[in-house]
Protein chains: 2
Amino acid sequence: MTLDPHAVGAAGEPQRITWTAKDCSLYALGVGAGTGELAFTTDNTRSAPQRMLPTMPVVLGTGAGVLKKAGEIDWVRLMHAAQGVEILAPLPVEGEASVVARITEMWDKEKAALIVVECTGTAPDGIDLFLTRMSFFIRGSGGFGGERGPADTTEEPIGKPDETVSYQTREDQALLYRLNGDRNPLHSDPAYATKAGFERPILHGLCTFGFAGRAVLHAAAGGDPDRLNSLDVRFAKPVYPGDTLHVDLWNVPGGAAFRVRTGETGPNGEGVVFDRGRATIAG
Amino acid sequence: MTLDPHAVGAAGEPQRITWTAKDCSLYALGVGAGTGELAFTTDNTRSAPQRMLPTMPVVLGTGAGVLKKAGEIDWVRLMHAAQGVEILAPLPVEGEASVVARITEMWDKEKAALIVVECTGTAPDGIDLFLTRMSFFIRGSGGFGGERGPADTTEEPIGKPDETVSYQTREDQALLYRLNGDRNPLHSDPAYATKAGFERPILHGLCTFGFAGRAVLHAAAGGDPDRLNSLDVRFAKPVYPGDTLHVDLWNVPGGAAFRVRTGETGPNGEGVVFDRGRATIAG
């Protein structure tokens, strides 16, 4: 069965979600924040009222299920290829929202399909809080009669980065991160990971996304979550728990360009795990 | 106002508690278990069905509130002096229980009061699951007309330990552990900790208790939580997050004796943070 190119615009049922200060702390610890970031990791530090890390909406309501509206999905050959988040209003540390997932793009790359799902989180008072954007690449699902779509024209920054922030991930990073919701054993069970073709369990791409967001927040937005308006990356390679992440940042008009690598970058981009990173930053 | 020596036997209202596999994972990670202990840290590792760490009952229902039945408590001068746990039945990873706290001992040490509170957790089918035992030392609250009580005759083990297990705690250990419930800013807020007389936030005594329990479980009970029947320690000195814990174990009839230290032990017990440790172990 092929995909239906007319599924663009299809939306899932609204999903009611709630979150607490404890959830915000757990998320922050899961993406490596610690004693140096008490405003994100603790709820009652007098000098640092708690804030939600701006990348946290990616774990608040997940919308991949809406893909079923595009036709029969070959889940085994589906890859989460890119991720974005937009902060539309200050995010409370305790709150609730209604999340709606929507298929916003479908492109026929002949050998593969590229589908974009956006989730919008709306507060009970009707104010949109956040938008997350997931791009899925499905090998073998092209040729369904859709359009090829535009080429990605995001330019890779050139030259030495303006700043590099390095974070050491931990051996058990994925064990902690998965308590935010994604319990895929690919990130925890060695036997399962080996069967899937990896030497051992890999880190969640969205965990690395959180580390990258912290680097951007602190290096380019003065640590102020209200200044970080959006963050987008493309997933290039898997990260293993225990890897050191180097986030290279370049100042660009309106924000920052960035990439994440786990070592020195080779001539063909070896070592790069996230590329095409873009952040829009206010003020 | 003085304490009432006749409060022995007073019980609090039953408290209904529930816990999930996620709670068990969070607790295990909070006391330092990681990728080497997937049976305690993950819920879906095929080769290692999840188990609750046997020290976890100390965060399931806390009963210090029952102390109010003993009279007016000087909370500022109260110290959590010792802790024990008894496992009365195999602990499910998802469950519920009714917890009743009871004052079981009150001793008048002239300059201080020593009060023991026991909490019993009972499953809905009436089976007792666990018992926790907290000893509180309240400076300045002696002289209430109670008995002095027996001297502690627990003998310190002599000679070289049969085994020493070392664990490195992390800078952010208390930030993670506190998500199990005890959000006292003494363990997270530097300004608060300084005001309380410490150079920086200290680790929860019950977090160190969990590390000690893991050492006993793996070194003396073959990693099998069904073999660890009880664990008791006396808190001697505070631990700072980032300290390395050395758990010295001695085989004794019916189980193990142990102590925990953060460095070399001096002639007067310098470096010892837990002493009088006793574990009863089956089979």
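Taking the condition surrounded by fewer than 18 Cβ atoms within 10 Å (Cβ to Cβ), within 14 Å of chain A (Cβ to nearest Cβ) and charged (D, E, K, R), does B:GLU171 pass? The answer is yes for B:GLU171. B:ARG214 passes every criterion in (1) part of a loop (DSSP other than H, G, I, E, B); (2) among the basic types (Lys, Arg); (3) buried (at least 22 other Cβ atoms within 10 Å of the Cβ) apart from (1). Within segment A:229-243, being open to solvent by 40 Å² or more (accessible area, probe 1.4 Å) and either without any contact (Cβ under 8 Å) to a residue 60 or more places away in the chain or among the aromatic types (Phe, Trp, Tyr) (or both) holds for A:ALA236, A:LYS237, A:PRO238, A:TYR240. Tell me, which residue of segment B:138-162 that is open to solvent by less than 70 Å² (accessible area, probe 1.4 Å) and of a type in the set (A, V, I, L, M, F, W, C) is farthest from B:MET79 (Cα to Cα)? Per the criteria, the residue is B:PHE144.
Within segment B:244-264, the set of residues being surrounded by fewer than 20 Cβ atoms within 10 Å (Cβ to Cβ) and of a type in the set (D, E, K, R) comprises just one member, B:GLU264.
Counting residues in segment A:63-80 that are under 19 Å from A:LYS22 (Cα atoms) and either more than 14 Å from chain B (Cβ to nearest Cβ) or surrounded by 17 or more Cβ atoms within 10 Å (Cβ to Cβ) (or both) gives zero.
Remark: A:THR153 falls outside the filter, which requires a residue to be farther than 28 Å from A:LEU91 by Cβ, in a helix (DSSP H, G or I) and either more than 20 Å from the chain's Cα centre (by Cα) or more than 14 Å from every other protein chain (Cβ to nearest Cβ) (or both). None of B:ILE103, B:ILE87 is in contact with a helix residue (DSSP H, G or I) (Cβ under 6 Å, 6 or more places away or on another chain), surrounded by 17 or more Cβ atoms within 10 Å (Cβ to Cβ) and assigned by TED's automatic domain parsing to the domain that holds B:ARG51 except B:ILE103.
Looking only at residues in segment B:22-39 that are open to solvent by 10 Å² or more (accessible area, probe 1.4 Å) and in a helix (DSSP H, G or I), the one that is farthest from the other protein chains (Cβ to nearest Cβ) is B:ALA39. For segment A:191-207, a residue qualifies if it is at the interface with chain B (Cβ under 10 Å from one of its Cβ atoms) and crowded, with 17+ Cβ neighbours inside 10 Å, and the qualifying residues are A:TYR192, A:PRO201. Does A:ALA97 count as within 14 Å of chain B (Cβ to nearest Cβ) and either among the aliphatic types (A, V, I, L, M) or assigned to a helix (DSSP H, G or I) (or both)? Against the criterion (within 14 Å of chain B (Cβ to nearest Cβ) and either among the aliphatic types (A, V, I, L, M) or assigned to a helix (DSSP H, G or I) (or both)), A:ALA97 does not qualify. Whenever a residue of segment A:80-108 is without any contact (Cβ under 8 Å) to a residue 60 or more places away in the chain, its partners that are open to solvent by 20 Å² or more (accessible area, probe 1.4 Å) and part of a strand (DSSP E or B), lying with C-beta atoms within less than 7 angstrom and at least six residues away or across chains, give the pairs A:LEU88/A:ASP128; A:LEU88/A:LEU131; A:ALA89/A:ASP128; A:TRP107/A:LEU114.
The values are calculated or read from the model by the stated rules, or taken from the named source; none is laboratory data. All values reported here derive from a predicted model rather than from experimental measurement. FYI the Cβ positions are ideal-geometry reconstructions off the backbone, even for glycines, and counts take in every protein chain you see. Accessible surface is based on the protein model in full, side chains and every heavy atom, while ligands, DNA and RNA are left aside. Shrake-Rupley method; radii C 1.70, N 1.55, O 1.52, S 1.80 Å.
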